[in-house]
Each structure stands twice: as structure tokens, then as C-alpha cells.
Amino acid sequence: MESPRERACPRCTAPAASDQRWCLECGGELPAPRRSSLRPVVGIATTLAVLVGAASAGGYTLLQEDRQPPPPAQTVAQAPPTTPETLPPATGDTPTYTPAPYTPPATTPTTPSTSTPSGSSSLGGGSSSSTGTGGGTTGSTRTRDGSVVPTDEEPTRTTPAAPRFVVTDIALGAAAVAYAPFASDTADLGDASRTVDGSTRTAWRVPPSDDPAVSTQAGVYVDLAGKERLRKLVVRTPTPGMSIEVYGATSGPPDDVTAPGWTHLADRANVAEEARIKLPAGRYRYVLVWITAGPPDGGRPGISELSLLSLQPE
């Protein structure tokens, strides 16, 4: 290797410094100093040593953490963004973009297919469904597009609840009439409505007789305004000890207690302040309580309340 101090100009042999490029004597260009051939080799060796060390360190780290090296990065080609189509300007210098109106695709309504249930038949061009032997009724369902789809489901049937019956006094508030076919036309028969007013403080009494020797011949009948099935008669009286007979009629009422229109239902002697009389089966509109004898003390017999018990819907 040439020493820096021994460097000279090849033309005039004038000495030159190691970093000098032009000769100071003749002005010629000096040749470049020769480099040692070992420098590239040393640089390459150093670079390889650094790479091998880095690879060894990375492999050791992966083995210690027990994981695989990450996959190499992949480059995905992307399509260039599309540029929206613009329309040429109609007038002026500024272009105007007018989007095309959106038109929804035409849809064709789909009619669901119908299947013929077991026991049904189809005749001619139209279709008809008939009920099978099971007794069910074929219904139909209307869809949102207006078509009707038959169904095989039997419609729900609601069974009405059975009415409940309670024992009711149907004489309360009904029409009560004094019945005295043998009394004179001028006799005061009294107010018979007191026997169905719901109060025992009021009472009806038989009209007074001009002849004390004649037995009492009077009573009260209740008009139910229709034929009713009766179960029991309850009589309340302010004159206990009297005797009564009970009759029923479906029309009329008959003018005479002995007429065939009246049906004898019961009789009771020595009636207490409250007497409960069971009546035979039958339907009657008129019920007559006929007083046949007064109390033992000779007072005028009377009735404070009459109740006719019947089984009626609640």
C-alpha cells in the first residue's frame, strides 16, 4: 500500500497529500488512492455475523414462548374506487349532477298452493272443498296480498255457560187482588197489595160480614203474569188459628171458587203465624189463598204476607 506521504503526481512527480485531487504544480488530476481489498470482505463478514445473531436470538425467543412465528404479510390488491357517473352540464360553466330516480323491482304476488284435504273433491275448472267424515269445518285465512287460503282447522266453538238457578219469591211485587165472589157490591174488600209488599207490618183483612152467623168467604189471589212452576207457599198472618185452602189456575181467574178452572193444591187448618206449604208439581199463573174459617177468638182473619217460591235463573 502506498503511503500518503509518498504520493506524487504521475506527470511532474510533485508530492501530493493523501486527500489531494489536483496537482499543485502542473494542475493535472491525481489518481484516486487505492483501497485495501480486505475492507469489503470485513464489512460483509460483519453484516453476516449480525444477521446470524439476530436470527438465533429470534428463534430462541420463539422456542421459549412456544409459539409459531407470525405468517408473512400478504398484499391484497384492491380495486380502484369507482367514480360516480356525472352528466354533462346542461347550461352554464358548473356541471350539475342529477341522480336517476330509484324504481323498485316489480314483484309478482305469490299465491300459496292449496292442498285438497282428505275427503274433499275438486270439480270442473273451479275448486271446492268438502268436509271429510271427521265432521270438522274447513275455514279460510286471508293473506296480506288479498288471497284467501283454505285451512283444515276446525273453528273454535264456545260453549255457553249453564245458567244458575236460585229459589226466588216471585210473588214479591206481583199483582194481588181481593177475591170475594159472595160479597155485596158495596162491600169494602180492602187493599190486597199489602200481602205482597215485603213487609209483615201491613196486612189485608177479610171484609166485615153483616151476619155473624155466616162463615167467612173471601181470600186473595196473586197474578204472576205468566205460568210458573211453584215449589212452596209461605203464608204469614196476624191472626193465627184460621183455616185456609190453596187453589191454582192457568187462566181466568174463575169467578167462583167452586168453578172447574180452579185446581185444589193444598189446605191447612189452625194456621200458625208463619206456615210453609209444599205445593204439587204444576205450572200456574193464578194462586188463590181462600180463608174458610177465622181464628178461635172470633176476630177478623187477615194475611200480612204471601210468598211463592220458585226456582228461577240467577
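What follows is calculated from the coordinates using simple rules that are stated; it is not laboratory data. Model, not experiment: these values are computed from the prediction. Cβ placement follows ideal geometry from the backbone for every residue including glycine, while neighbour counts extend to all protein chains displayed.
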*For ALA203, what is the net charge nearby, where nearby means another residue's Cβ is under 12 Å from its Cβ and Lys, Arg count +1, Asp, Glu -1?*
+1
*Mind jotting down the three principal axis lengths of region 168-313 based on Cα atoms? Whole angstrom, largest first.*
47, 30, 24
_I want the local charge near LEU172. Using Cβ-Cβ distances under 10 Å, sum +1 for each Lys or Arg and -1 for each Asp or Glu among the other residues._
-3
_Net charge over other residues, Cβ less than 14 angstrom from the Cβ of THR237 (K, R count +1; D, E count -1)_ = +3
*Would you mind telling me the antiparallel percentage of the DSSP bridges in region 168-313, rounded to 5?*
100 percent
